[in-house]
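Beneath this line is the structure, given in structure tokens, with notes to follow.
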Amino acid sequence: MGREFLSHFELLILSAVMRLSDDAYGVTIAAQIERSTGKVVIFASLYKSLDGLESKGLVMSEVGEPLAQRGGKARRYFQVTGQGVRAVKAARGGLMRLWQGVPALEGGRT
Amino acid sequence: MTPPTLAERLLTLFGADALTGDLIERAPTQSRWWLWKQVIAVVASGSWVTLRAHKVVAIRTFFVGGGVLWLWKMLLNAVTTQLTVGVLMSVKFWWWHHIGVSIEPLTLVLVASAAGWSTGRMLAIVNGRVGPQTAVGFLATYLICACISLGLFAAAILRDPHHYIYSEWATVAVTVSGAMIVLPVGIVAGSLGRHQKSVVPRPPVHEGKGGVSSH
């Protein structure tokens, strides 16, 4: 991971993949993110980020078998690596420390 | 909704297998607008990735595409000159007498179609299997240039509203629609056709998850 920061979208993707565990592929990852954020996910951006995360070693992927309901295309399943889990923990810790004591986030000011 | 054939073809040409499969799987529960938004993103993203991965091809694309369009522009200038003051004047008058409308708009549309199609075809030929992606990159560049030209043209008219007389507005409208619609459609049509999938190198993906149909 080094000194690179995770983007907000990358953090969402990593969290969704961890939550989905064995069933993390494009459709389920997008659905998970859409449920939690209420925003529509563009699949091209999702795969671009997933490819980026894979090249950084934060996720790894496996291709399943071709399925008829997908026009004969296989699913690509993702899994967060140990390095990915550490990156998410570090990001969470950083955000928690940053948010702590901010009145606007504690219902004081908006 | 089930993805239309055109959408599936574009996804197959521009997207990775897993991405295409995901969109096909998700499409039945989504709207037409959602699907086309996703398809456009796949086409744009796939083209950008290809152009970045094949810089020499990208440069060649802009020179070849620009060159073909420049040749067509020269031809159009020659034809319109001959129609106005040259040997084609008799054809123009014959047309006007028998058909009853000006021949210039038709000439513009025909030249724009031929220019677009031959540009797309030429890009597909010189760039081989990378053709459709580079054609989209060229098309985007062309549209940006066309919009800038259009903006400058509109600014010139606003500065001097009498620059064009009323009767010339039909020709102006046909020229603009030819440049903005007919020619881009021609480029896309010419660049598609016999092309296969993108050859962009993608990150290695491990084979596995046999028998995943139970997921």
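The values are calculated or read from the model by the stated rules, or taken from the named source; none is laboratory data. All values reported here derive from a predicted model rather than from experimental measurement. Note: ideal-geometry Cβ built from the backbone for every residue, glycine included; neighbour counts use all protein chains shown. All accessible areas refer to the heavy atoms of the entire protein, side chains included, with ligands and DNA or RNA removed. Shrake-Rupley method; radii C 1.70, N 1.55, O 1.52, S 1.80 Å.
Filter segment A:61-94 for residues that are in a helix (DSSP H, G or I), open to solvent by 70 Å² or more (accessible area, probe 1.4 Å) and more than 7 Å from every other protein chain (Cβ to nearest Cβ); which is modelled with the lowest pLDDT? Among residues in segment A:61-94 that are in a helix (DSSP H, G or I), open to solvent by 70 Å² or more (accessible area, probe 1.4 Å) and more than 7 Å from every other protein chain (Cβ to nearest Cβ), the one modelled with the lowest pLDDT is A:68. Is there any pair with a first residue in segment A:95-110 that is at pLDDT below 85 and a second that is of a type outside the set (S, T, N, Q) whose Cβ atoms are under 7 Å apart and which are 6 or more apart or on different chains, and what are they? Qualifying pairs under 7 Å: A:109/A:103; A:110/A:104. Among the numbered conditions (1) under 18 Å from the mean Cα position of the chain (by Cα); (2) open to solvent by less than 40 Å² (accessible area, probe 1.4 Å); (3) of a type outside the set (Gly, Ala, Ser), the only one that residue B:62 does not meet is (2). Within segment A:10-29, restricting attention to residues that are at the interface with another protein chain (Cβ under 8 Å from one of its Cβ atoms) and within 19 Å of residue B:39 (Cα to Cα), the residue that is farthest from the chain's Cα centre (by Cα) is A:27. Scanning segment B:10-33 for residues that are surrounded by 15 or more Cβ atoms within 10 Å (Cβ to Cβ), more than 7 Å from chain A (Cβ to nearest Cβ) and without any contact (Cβ under 8 Å) to a residue 12 or more places away in the chain yields a count of 0. Among the residues of segment A:30-49, those identified as more than 9 Å from every other protein chain (Cβ to nearest Cβ) and part of a helix (DSSP H, G or I) are A:32, A:33, A:34, A:35, A:36, A:37, A:49. Among the residues of segment B:41-56, the ones that are more than 9 Å from every other protein chain (Cβ to nearest Cβ), free of Cβ contacts under 8 Å to residues at least 60 places away in the same chain and either of a type in the set (A, V, I, L, M) or open to solvent by less than 20 Å² (accessible area, probe 1.4 Å) (or both) come to 1 in all. Going by the conditions given, is residue B:116 closer than 24 Å to residue B:12 by Cα, part of a helix (DSSP H, G or I) and not acidic (Asp, Glu)? So residue B:116 passes the test. Of the residues making up segment A:50-60, those that are of a type in the set (A, V, I, L, M) and outside any helix (DSSP H, G or I) are A:58, A:59, A:60.
Within segment A:36-56, at least one residue is within 21 Å of residue B:46 (Cα to Cα) and loosely packed, with under 12 Cβ neighbours inside 10 Å.
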